[in-house]
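What follows is a set of notes on a single structure, which appears directly below.
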Amino acid sequence: MSYEYRIWAGILVLLVGMGLFARTLLGRFGLLMAAKPETRWDLVQARIDNLLEIGIGQKKMFKDPSDPASGWLHAFTFWGFCVLGLRTTQLFVQAFIPEWPVPVIEELYQPIKDYTALVVLVMILGFFARRLITKPKRINYSHEALLILGFIGGLMVTEFLYEGGHFGGLIAAGDAHAAEHVAHAPLGAAIAAWFAKTGMSPKGLQLFGEVNYWIHLVIVVTFLNLLPLSKHFHVITSLPNVFLSRLEPKGTLSFVEDIEKALEEEQSLGLSKPSDLSWKQTLDLFTCTECGRCEVNCPAWTTGKPLNPKMLILDLRDYLYSHQSQIIAASKLAISGEVSAEVVAQAEGQLPELIATVNPDAIWSCTTCRSCSEQCPVMIEHVDKILDIRRHLTMTRNEAPKELAKTLANLESKSNPWGMASGKRADWAKGLDIPTLDDNPNPEWLYFVGCAGSFDERAKKITLATVQVLRAANVSFAILGKKEKCSGDLARRSGQEYLFQEQARANIEMFNAGGVTKILTTCPHCYNTILNEYPQLGGRYEVVHHAQFIAELVKEGRLTFDQGHAQQRIVFHDSCYLGRYNEIYDEPRKVLEAVGNVELVEMARSKNLGMCCGAGGARMWMEEKMGTRVNNLRVEQAMEALNGEADDHEGGHDHHGHDHGHGGCKTVIASSCPFCMTMLSDGVKAKDAAESIDTKDIAEIVAERLAPPKIDTAKA
């Protein structure tokens, strides 16, 4: 069969297909260029490691143990596409050079290509089964997804049909070299041999193969053109998005420079219009796979709040797509420098407001737990966009929720969210002879107590327990006393950046004046803020959370425990700001195991899959009026772990949390965060389980199990 026509047909397919693709892609690129600049080209080795582990290795696809099948289906499809990319290139080149590639490449690649195509075809059938039969709740069901699956499956099928028809025709015609062409393609050879025996004429078989060859190429260019018009744009953008993902500590928000000047000049702060997005935030919007992992792991969405992280990203993305030409035109005016700022502002003002697409209740429902970003397989950062919108609502529009506005006013006037007199911040320490930084200006450790540990009655018990542990281990420490300010976490997560910087600078000034180099905290929010965000203001210190600190004291043998306590079942709740933000999971568990006579059980959602208590992101200070209370759901999960584990042990707990086999001790939900403590305690009360379940911080558990000091009988 003559193939001379292929050159002109190949040129036509490529010109039309690639021309349309380039036109669409140019528009998407224009949206990136219209966004704010952002540095994402540093730390290349770390970025390559992320690309290999998360992008190529598909690590995040296997994080959710409740749905492992989807991870394997997607991973093998992705890996298959990587392998088959060479085959796609080969088929296009063969339109111009029929005998490409050279035989040695054929020998090595053909068997890999054949089996890979078969694996991908099986994966596609698996995807069809999920969408048409099992139908997981987190998936968006659309005809587009089925069309794309059909295209991918069609590529695999036409690959086999092309080889079967083409080489089957040669075999049927008695071509002496036909067998050599498919000798290294086991599946292709088998299909070709079968086609040769069907009785079709050699020319008919080759024509059949040729038709499938062109169907294959047309599917490729059609598929390529659909990508930037659909959720499957992630096929192009996911690897760049992973490579360019943030490498700063997870708990660091973007820093607003010259904020006083911005407020004086009444500049718009935060995120409200398209030009407020950075180019990387825009790339995030392009890259959403609509897999729903963020949605099903979001504590707000799963408890009936209006925040759906996936839909937030999609709504912002759809806004950009629908106003693409206007956004690019306004950007070109700004870049040209030929018009005034007023003209540029007028051009932007003609656009509907970007955040008008977002429900404000959704923005304020976020607990900033980062479960969405933790689960996202393509490294999209949802929380930074939510908090940028909060910055705009709080500082530019003064539209924070009423109860939060009152809390921020308390913070501004009294440096604590309760509005208690700042002079009472150290009242918890009366009579304990605890030195302040003024008394001991160069302590080994500064114990940063925090607002909750200073003012909240329940959290004060955690503070006192921590002090007891420090003294038992002979740790040299001091506190700031009444001079201590709020760390600023509440202000920053509320969007009140100015107040955050004000509180943080005051603390940094005191730290530096007192010669502080090491800081100990009991609050993960204080820990995260001082460790990860104070460096933006020049405050760099060694910061340790008390879970880490106590674990180290135990390891060094500086604490001994009384082993006379009855066996007690404990389930540990991971604080988001300690766990997902700072990857501290093992230390609190090691502490609980070290005290002895503890049966430590785990919730189904623990560690990096752990669910938020509902207090983060300033939610501690806002009413929870919609849906189920997050803390109640978390307590239910803890009770299931305590009771479910017990069912496997003779003489264990019944389904009301009562202990029948451990000396009558209550079971315990343990935590290492004063905010979590409040939420968990309230949840236990709401479940009428306070008689059978205690809520304790790990410092309290350690303090109550410390061995009494030994008495020197010789001196006695």
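Just so it is clear, none of the values below were taken in a lab; they were calculated from the coordinates. Please read all numbers here as calculations on a predicted model, not as lab measurements. Heads up, the Cβs are rebuilt from the backbone with ideal geometry, glycines too, and the neighbour counts pull from every protein chain shown.
Where a Cα-Cα gap under 13 Å defines reach, which aspartates and glutamates qualify for LYS607, not counting those fewer than 8 residues away within the same chain?
ASP64, GLU374, ASP574, GLU583, ASP586, GLU587
Would you work out if segment 403-554 is rounded, prolate or oblate? Take a ≥ b ≥ c from the square roots of the eigenvalues of the alpha-carbon gyration tensor; rounded if a/c is under 1.5, else prolate when a/b is larger than b/c, oblate otherwise.
It comes out prolate by the Cα gyration axes.
Given R₀ = 45 Å, what would the calculated FRET efficiency be for LEU147 paired with GLU457, taking r from the Cβ atoms and rounding to 0.05?
Efficiency for this residue pair is about 0.15.
Rounded to two decimals, what is the ratio between the C-alpha radius of gyration of segment 1-144 and 2.2 N^0.38 Å?
In units of the globular-protein estimate, segment 1-144 measures up at 1.38.
Separation between the LYS261 and ASP361 pseudo-spin-labels, each 7 Å from Cα along Cα→Cβ, expressed in nm?
Between LYS261 and ASP361, the simple spin-label model gives 4.1 nm.
Answer rounded, prolate or oblate for segment 44-243, using the Cα gyration tensor with square roots of eigenvalues a ≥ b ≥ c: rounded when a/c is under 1.5, else prolate when a/b is larger than b/c, else oblate.
prolate
Distance cut-off 22 Å, Cα to Cα: go down the list LYS485/LYS518; LYS113/LYS197; LYS424/LYS518; LYS424/LYS696; LYS36/LYS385 and report the pairs above it.
Correct reply: LYS113/LYS197; LYS424/LYS518; LYS424/LYS696.
On a 27 Å Cα-Cα criterion, which of the cross-link pairs LYS482/LYS685; LYS406/LYS687; LYS250/LYS310; LYS135/LYS250 come out too long?
In this structure, LYS482/LYS685; LYS406/LYS687; LYS135/LYS250 exceed 27 Å between Cα atoms.
How big is the shadow of the Cα convex hull of the chain, averaged over all directions, in nm²?
40.0 nm²
From the square roots a ≥ b ≥ c of the eigenvalues of the alpha-carbon gyration tensor of segment 531-610, which class results: rounded (a/c under 1.5), prolate (a/b over b/c), or oblate?
oblate
Taking the Cβ-Cβ separation of VAL218 and ASP175 as r and a Förster radius of 41 Å, what is the calculated FRET efficiency to the nearest 0.05?
Using R0 = 41 Å, I get an efficiency of 0.90.
How far, in nm, would the chain grow between THR39 and LEU14 when pulled straight, counting 0.36 nm per residue and subtracting the alpha carbon separation?
So the chain would gain 5.5 nm between THR39 and LEU14.
How large is the dipole of segment 160-309 about the Cα centre if only Lys and Arg carry +1 and Asp and Glu carry -1, each at its Cβ, rounded to the nearest 20 debye?
Value, rounded to 20: 720 debye.
May I ask you to derive the FRET efficiency for TYR321 and VAL343 from their Cβ-Cβ distance with R0 = 25 Å, giving the value to the nearest 0.05?
For TYR321 and VAL343, the calculated efficiency is 0.50.
Taking neighbour Cβ counts within 10 Å as the exposure measure, how do MET33, MET622 sort from fewest upward?
MET33, MET622
Give me the one-decimal nm value for the distance between modelled label points at LYS555 and ALA190, 7 Å along each residue's Cα-to-Cβ direction.
Distance between label points: 5.4 nm.
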